[in-house]
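> Please find one structure pasted underneath; my questions will follow.
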């Protein structure tokens, strides 16, 4: 019919030019107009979908931006509670670009401070006290072996000369390996100082032929005190000291020490060759030293490591003249 003819392609001349010969042959530009309308309808339909997607993207971006702001605040807040956190403060910061929409902030990470945090984290991983928060208190012991030297002067008083005093300086070295469920270490301890003991012989200068003729045997007790210093060296010293430099942890390897000293003694004096000569004396002592003061070796984020040699049982050979 005539409508179908109007919708046909124009074949009799230029489209849009209507003559007596072309008015019903599609040359009225109707089909082209409809095609154009379809194309524009499809285009604007896509634009609506794109606008809807853009709106959703902007909404999601706003939520992500709010989350980023909260994360930045949380990072700076968390760092502020770390020990020695001042160098790490403001690791993230925000700036307002004057060319950006109002309220849109740019967040930046300070790479230097981030690298510092990475270094601190690595060093913290080497610290045996990083898990100390799950431990309230732990006491570990280890047997120590060592050697000591002592030099001084002794004198006896009274008619029987069975009471006396001695004054001396001493140096002790001990070594131990201490194990726990979170911290194993080899430890060396040096104790050095001066002391004074009271001496009492309940057997005094008794004649005996033990180990020779005309020797004199004395057996007695001793007891006194010593003022000393104590120094500890731990196999974890390097790691503890390195983390201590970063976190301002406290490390103290030496301290004052007060000790009690008591035990049994035996002394064998050989006869004098002349009245003016001193008698050569050989003796044995079985004693115990009892330190009384802890060494506050290390403290880190509320955790404390303390050392003390609880007691030292020793056997001495004594030479006197």
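> Take residue 199 and decide whether it is farther than 27 Å from residue 309 by Cα, assigned by TED's automatic domain parsing to the domain that holds residue 264 and in contact (Cβ under 8 Å) with a residue 40 or more places away in the chain.
Working: farther than 27 Å from residue 309 by Cα: no; assigned by TED's automatic domain parsing to the domain that holds residue 264: yes; in contact (Cβ under 8 Å) with a residue 40 or more places away in the chain: yes.
In short, no.
> For the structure I just gave you, tell me whether residue 246 is assigned by TED's automatic domain parsing to the domain that holds residue 313 and at pLDDT below 75. Can you show your working first?
Numbers: assigned by TED's automatic domain parsing to the domain that holds residue 313: yes; at pLDDT below 75: yes.
Spelling it out, residue 246 is indeed assigned by TED's automatic domain parsing to the domain that holds residue 313 and at pLDDT below 75.
> So if I check each of 212, 193, which one is in the same structural domain as residue 288 (by TED's automatic domain parsing) and not in a strand (DSSP E or B)?
On the way: 193 fails: not in a strand (DSSP E or B).
When all the criteria are applied, what remains is 212.
Residue-by-condition table, conditions (1) closer than 15 Å to residue 197 by Cβ; (2) assigned by TED's automatic domain parsing to the domain that holds residue 258; (3) in a strand (DSSP E or B); (4) at pLDDT 90 or above:
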| position | (1), (2), (3), (4) |
| --- | --- |
| 133 | no, yes, no, no |
| 140 | no, yes, no, no |
| 146 | no, yes, yes, yes |
| 160 | no, yes, no, no |
| 170 | yes, yes, yes, yes |
| 174 | no, yes, yes, yes |
| 177 | no, yes, yes, no |
| 183 | no, yes, no, no |
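> I would also like to ask the following. Looking at (1) exposed (fewer than 13 other Cβ atoms within 10 Å of the Cβ); (2) modelled with pLDDT under 85, which one does residue 151 not meet, given that it meets all the others?
Result: residue 151 fails condition (2) only.
> Looking at the structure I just gave you, is residue 220 farther than 20 Å from residue 312 by Cβ and modelled with pLDDT of 95 or more? I'd like the intermediate steps shown before the answer.
Numbers: farther than 20 Å from residue 312 by Cβ: yes; modelled with pLDDT of 95 or more: yes.
Considered against the rule, which asks whether it is farther than 20 Å from residue 312 by Cβ and modelled with pLDDT of 95 or more, residue 220 comes out as yes.
> Report yes if some residue within the stretch 281-293 is under 30 Å from residue 213 (Cβ atoms), at pLDDT below 90 and in contact with a strand residue (DSSP E or B) (Cβ under 8 Å, 6 or more places away or on another chain); otherwise report no.
Within the stretch 281-293, one or more residues are under 30 Å from residue 213 (Cβ atoms), at pLDDT below 90 and in contact with a strand residue (DSSP E or B) (Cβ under 8 Å, 6 or more places away or on another chain).
The values are calculated or read from the model by the stated rules, or taken from the named source; none is laboratory data. All figures in this text were calculated on a predicted structure; none of them were measured in a lab. Here Cβ is always computed from backbone atoms with ideal geometry, including for glycine, and neighbour counts include all displayed protein chains.
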